[in-house]
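Structure first, commentary second.
Here, each number is a calculation from the coordinates, and none is a lab measurement. This structure is a prediction, so every number in the text was calculated from the model and none was measured. A quick note on method: Cβ atoms are made from the backbone with ideal geometry, for glycine too, and the neighbour counts reach across all protein chains shown.
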Amino acid sequence: MRWLTNPVVQFLAAGFVALVIVVLATSALSRDAADEEAIHDARELTKVLGRSVAQPAVPRGLIDGKASAIDRMDWHVLDRLLVGDVRRIKIWAADGTVLYSDQTELIGAVYPLDEEELDALRSGGTDAEISDLSKPENRFERELGGDLLEVYTRITSPEGEPLLFEAYFASDQIQQQREEVLDRFLPISLGSLIGLMLLTTPLVLLLTRRLARAAREREGLLQAAVRSSDAERLRIARDLHDGVVQDLAGSSYALSTVAARPAVDAGVRDELDGVGRSLRTSMRSLRSLLVEIYPPDLHTGGLAAALHDVVAPLSAAGVVVDVDVSGGETAGDGAVALVWRVAQEGVRNVARHASATRVSLTVHREDALLVLEIVDDGRGFDTAVVPPEDHFGLRTLEGLVRESGGALEVESAPGEGTTLRMEVPVG
Amino acid sequence: MKTSHPLTRVVAAVAATSVLGLAPLVVAATPAHASGGDDDRVINTGSCSSGARWKLKVKTDDGRLEVEGEVDSNRAGQAWGWTLRHNGSVSARGTSTTTARSGSFEVERKIVNLAGTDRVVFRATYAGQTCVGVVNF
């Protein structure tokens, strides 16, 4: 599943999700737009049919239900009214009587008009709604199948009476209009999005490669810095060991020899012995410094021994230290060196800040990881408010650990000690 | 709501004289009959006042009534005026001329099949002769 973290894969996945969202949104919007357009068209057609075709053709006597008027209506206008998607027409009197319908069984029947229909009859407006096929006046429309859109508008009889002209439209038209609108908009939405992705994918690919290269270069620089630091430390340590330490050793030896001569006065001997002790103390301090400046050969001397040297100052200061090291034998040089460096920095922090009485340092393997843990019972600190300079050494090492594919965590709270945990791949 | 079953049809053979006061004009009208088959139809025939014959046929057709009125005078070239009344009001009127070969003319119209009984009256006149056919469907 490593490929999931690839920025290009993530970009393409995000693009695909955006694509799906755009398709769904476009479909919904197209459906709404198509419905609106279909209803608008149906209203306009109903107005035209009602006022230009039906109204001029309404014969005198239709309002009274005269059979001859109904016949003439049927002869003259039916073919001109049932056009396009119009599936049924009805002409109503204000009292709800069906004066005419192409469904002749309805003629003469009375179904009270609802409020919207009465409003259209009074105001002369046009209204549209999906037919309620459960109503008895719409029972014949059930056999037409599917949803119907009924639109009504006012017309006037030759006698001057307001009538309600109602046309029923098949939902096929709405569906067809939805598809037409979708066909118009979807290619634009999808095309632009796909085009954008096609344009940006190479850019993302290029950017990702540049970032990866920059990361590799940064890692290389870090490693080079570490190597040069190691070389410098080695040079300093060697110079100190071969120069100053040897000189001090020689001087100490010479002083001891001089002080041992019988001719030397007792007072002078004591002074010489004191200077000799001081020189030996300085030598020990210098040797400790040498160990600190440059790590011993960890593989030759063993990581455990090196870590014991690291914690030696703590032990000397009276802190109870437990060291338990395992799993370092088969680990790579880089991982072992990193463990030593982080342990050195961690122990240094304990010595400086923790005021601990007990410290535990463990190294062990967890699958393919080498894990270092330093736990102390010191005063701890609030990790959120620690000044950055206090942990500068660890922060630097944290970058190094991360570059090596590992992780470094510090958990602490005031009065509860501190736990440092580092994981690094053994390879 | 009108049923389409033939047995419920109200079929009338009309002695138009009593209804329309045309005693000398209409001689007789034969009883109507409902034909068999799928569609409902009623055919009435009768005699006009001066020897001509009339026939009035009504049958259902998709919510409508197809009405065929015919007058046979055996004389070609006569221009008959006619009216078709539906439930008492005039649905259609016109003039037709008897044809050369049969000496008859025929009028065909569709009217709406309304709820209840539809009364169809076909009346034709020519030179004082009157034919009246009625079907209650």
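Summary table
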| item | result |
| --- | --- |
| Percent of C-alpha pairs per 10 Å bin, the stretch A:60-116, short to long | 23, 52, 24, 1 |
| Within-12-Å neighbourhood charge of A:Ile293 [Cβ basis; K, R +1; D, E -1] | 0 |
| Cα-projected label distance for B:Glu68 with A:Arg358, points at 7 Å along beta-carbon direction, nm | 11.9 nm |
| Distance between modelled label sites at A:Arg216 and A:Arg379, nm, 7 Å Cα→Cβ extension | 4.9 nm |
| Cα principal axis extents for the stretch A:210-331, largest first, Å | 77, 32, 24 |
| Förster-model FRET efficiency, 51 Å R0, B:Arg101 and A:Leu190, C-beta, rounded to 0.05 | 0.10 |
| Computed [θ] at 222 nm, helices only, for the protein assembly as shown once each DSSP H run of length n ≥ 4 contributes -39500 (n - 2.57) | -14000 deg cm²/dmol |
| Charge context of A:Val426, other residues only, Cβ under 13 angstrom, K/R +1, D/E -1 | -4 |
| Ranking of B:Val42, A:Val110 by count of other Cβ atoms within 10 Å, fewest first | A:Val110, B:Val42 |
| Solution diffusion estimate, µm²/s, Stokes-Einstein, the protein assembly as shown, Kirkwood Rh from C-alpha pairs, 37 °C, viscosity 0.692 mPa s | 93 µm²/s |
| Radius 14 Å from Cβ of A:Phe140, net charge of other residues (Lys, Arg +1; Asp, Glu -1) | -3 |
| Cα centroid of the stretch B:39-86 to Cα centroid of the stretch A:338-383, whole Å | 118 Å |
| Length added when fully stretched, A:Leu29-A:Lys135, from 0.36 nm per residue minus Cα-Cα | 35.1 nm |
| Given A:Lys90/B:Lys55; A:Lys66/B:Lys59; A:Lys47/B:Lys57; A:Lys66/A:Lys135, the pairs whose alpha carbons are separated by over 29 Å | A:Lys90/B:Lys55; A:Lys47/B:Lys57 |
| GNM top mover of A:Glu143, A:Glu36, A:Glu166 - chain A, alpha-carbon springs below 10 Å | A:Glu143 |
| Debye log10 I(q)/I(0) at q = 0.10, 0.23 Å⁻¹ for the stretch A:176-276, Cα point scatterers | -0.66, -1.09 |
| Cα-based helix-to-principal-axis angle, A:171-239 vs chain A, degrees rounded to 10 | 0 degrees |
| Per-residue HN-Hα couplings for the stretch A:326-342 [Karplus 6.51, -1.76, 1.60; θ = phi - 60°; Hz; x = Gly/Pro] | 8, x, x, 5, 9, 6, x, 4, x, 5, 5, 4, 5, 4, 5, 5, 5 |
| Inter-label distance, nm, simple model (7 Å from Cα along the C-beta direction), A:Glu329/A:Glu115 | 9.1 nm |
| Hydrodynamic radius of the stretch A:323-381 per Kirkwood, over alpha carbon pairs, in Å | 12.1 Å |
